[in-house]
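Since the structure comes first, as structure tokens, the remarks are kept for the end.
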Amino acid sequence: MKKVLFIDRDGTIIKEPADEQIDSLEKLEFVPGAISGLRSVMQTDYLPLLVSNQDGLGTESFPEDTFWPAHNKMLQTLKGEGVTFAREYIDRTFPADNAPTRKPGTAMLTAYMTDDYDLKHSYVIGDRATDVQLAVNMGCRAILLQKPEVAATMLNTVQQHVLALATDDWADIAEFLRRTERRAEVKRATAETDIHVIVDLDGGGDTLVNTGLHFFDHMLSQLPHHAGISLYCVCKGDLEVDEHHTMEDVAIALGEALRTALGSKRGIDRYGFVLPMDECDAMVTLDFGGRIDFQWDVPFTREYVGDTPTEMFKHVFQSLCAAMQCNLHIKARGENNHHLIEGVFKAFARALRQAIHRNVFSYELPSSKGTL
């Protein structure tokens, strides 16, 4: 599903004058940081829409020929910096008309209130309480271009609940959206397991691992530390049967979350690691190229390490590979089975850290084919 940004115009992209009408080129002035912030946001996977109320546009109080020169100049300037909107939605009514198309009404935007769009993870960006109320009415979150202390005085309790960020700095907005884009949540419930996984590739969230298998938890806990991510992973599984369903389903949910958090994969390094673990050597090679190939060469000499069967680790990484849609080749040698599998998890985490690293100054797709 596509995520959307519903972006306000006056007071958000361009400064709003005292008379609240930008009806001449002389009044056209950009909000500081708006152009660079929007340029950064355009490199994400969000669908950008311009949504604006223009009181009485087309009437004597606001003639068309005074609106379009400044508006088109704004669009032309933004386009020159790589900022374009998928569509523009401009409501022309007065506040007293109480038109359903006027923000915070949603009548102009019903095309996005379908299962094709992920409104839960979409945002309204604006400078007024009406913009936040639009987020409430759309079922999405809000970013308010105001200082936090100002936001606290202008929003009601319901509006505060959907407020994701209040800041008067566009750089903060761009950074927030870049980070939020690389976060994913997966809930997976079957007859055997009930799993909740949250992954933040930029390490901006809480970390908790609890699968009911203590050694498996110990191994999974290597990922946030060595990959630089945050990981919330809680599983209630049928351990009274055996460990298989828990370990397999956790791997599937984790792989799905990692794949989703990568999004378009623009700007990532894509490839990734070899490391020693005491007497062991572990090699993990990884490619988020979209094709699935799994190889495993890790011989164990014990049936269990702690409470976790060693035969399941191959299945864990094979399930991860399939869910992440990647090439994953793993080879390790060593005498101590604890060190052996811990070395594999650490090497995988380091390979993951290297592959998911994103250059924030370049959002090129790491593929000569133009797609991953």
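The values are calculated or read from the model by the stated rules, or taken from the named source; none is laboratory data. Just so you know, these numbers come straight off a predicted model, no measurement behind them. A quick note on method: Cβ atoms are made from the backbone with ideal geometry, for glycine too, and the neighbour counts reach across all protein chains shown.
Filter the range 333-343 down to the residues that are crowded, with 23+ Cβ neighbours inside 10 Å and either in contact with a strand residue (DSSP E or B) (Cβ under 6 Å, 6 or more places away or on another chain) or basic (K, R) (or both) and list them by number.
Scanning the range 333-343 gives G334, L340, G343.
Condition first: part of a loop (DSSP other than H, G, I, E, B) and hydroxyl-bearing (S, T, Y). Now tell me which residues in the range 43-59 satisfy that.
T44, Y46
Just wondering, is there one or more residues in the range 299-311 that are in contact with a strand residue (DSSP E or B) (Cβ under 6 Å, 6 or more places away or on another chain) and not hydroxyl-bearing (S, T, Y)?
no
From the residues in the range 189-218 that are small (G, A, S) and under 22 Å from E342 (Cα atoms), which one is farthest from the chain's Cα centre (by Cα)?
G212
Those residues that are hydroxyl-bearing (S, T, Y), over 23 Å from T106 (Cα atoms) and not in a helix (DSSP H, G or I), I need them from the range 60-93; list them, please.
Within the range 60-93, S61 is the sole residue that qualifies.
Suppose we keep only residues that are β-branched (V, I, T) and within 19 Å of I356 (Cα to Cα) within the range 168-200. Which one would you say is modelled with the lowest pLDDT?
Filtering the range 168-200 for residues that are β-branched (V, I, T) and within 19 Å of I356 (Cα to Cα), the one modelled with the lowest pLDDT comes out as T180.
Using the structure shown, decide if G205 is within 16 Å of V316 (Cα to Cα) and of a type outside the set (S, T, N, Q).
no
Just give me the residues in the range 22-42 being part of a loop (DSSP other than H, G, I, E, B) and over 17 Å from I143 (Cβ atoms), in sequence order.
Result: I22, D23, S24, L28, E29.
Among the residues of the range 137-164 satisfying the criterion of being within 22 Å of R102 (Cα to Cα) and assigned to a strand (DSSP E or B), which is farthest from the chain's Cα centre (by Cα)?
L144
In the range 297-325, what residues are surrounded by fewer than 17 Cβ atoms within 10 Å (Cβ to Cβ) and of a type outside the set (G, A, S)?
Listed by number, the residues that qualify are D297, P299, T301, R302, E303, Y304, D307, E311, K314, H315.
Take the range 90-120 and flag every residue that is in contact with a Lys or Arg (Cβ under 9 Å, 6 or more places away or on another chain) and among the hydroxyl-bearing types (S, T, Y).
Within the range 90-120, T93, T101, Y112, Y117 meet the criteria.
So which of L145, L220, L163 is under 22 Å from L352 (Cα atoms) and either outside the structural domain of G263 (by TED's automatic domain parsing) or in contact with a Phe, Trp or Tyr (Cβ under 9 Å, 6 or more places away or on another chain) (or both)?
Of L145, L220, L163, the one residue that is under 22 Å from L352 (Cα atoms) and either outside the structural domain of G263 (by TED's automatic domain parsing) or in contact with a Phe, Trp or Tyr (Cβ under 9 Å, 6 or more places away or on another chain) (or both) is L220.
Whether any residue in the range 105-112 is among the hydroxyl-bearing types (S, T, Y), under 19 Å from the mean Cα position of the chain (by Cα) and either under 29 Å from L223 (Cα atoms) or not in a strand (DSSP E or B) (or both) is what I want to check.
The answer is yes, given that some residue of the range 105-112 is among the hydroxyl-bearing types (S, T, Y), under 19 Å from the mean Cα position of the chain (by Cα) and either under 29 Å from L223 (Cα atoms) or not in a strand (DSSP E or B) (or both).
List the helices (runs of 4 or more DSSP H) that sit entirely inside the range 165-276 and contain at least 1 residues that are farther than 26 Å from R39 by Cβ and aliphatic (A, V, I, L, M).
Passing ranges, in order: 214-220, 222-227, 244-262.
To keep it simple, each residue is scored yes or no on (1) surrounded by fewer than 19 Cβ atoms within 10 Å (Cβ to Cβ); (2) small (G, A, S).
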residue: L57; (1), (2): no, no
residue: G82; (1), (2): yes, yes
residue: R87; (1), (2): yes, no
residue: K103; (1), (2): no, no
residue: A107; (1), (2): yes, yes
residue: P148; (1), (2): yes, no
residue: A151; (1), (2): no, yes
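Report yes if some residue within the range 1-21 is in a helix (DSSP H, G or I) and either of a type in the set (S, T, Y) or modelled with pLDDT under 95 (or both); otherwise report no.
No.
Kindly indicate whether any position in the range 120-130 is aromatic (F, W, Y) and surrounded by fewer than 20 Cβ atoms within 10 Å (Cβ to Cβ).
No, the range 120-130 contains no residue that is aromatic (F, W, Y) and surrounded by fewer than 20 Cβ atoms within 10 Å (Cβ to Cβ).
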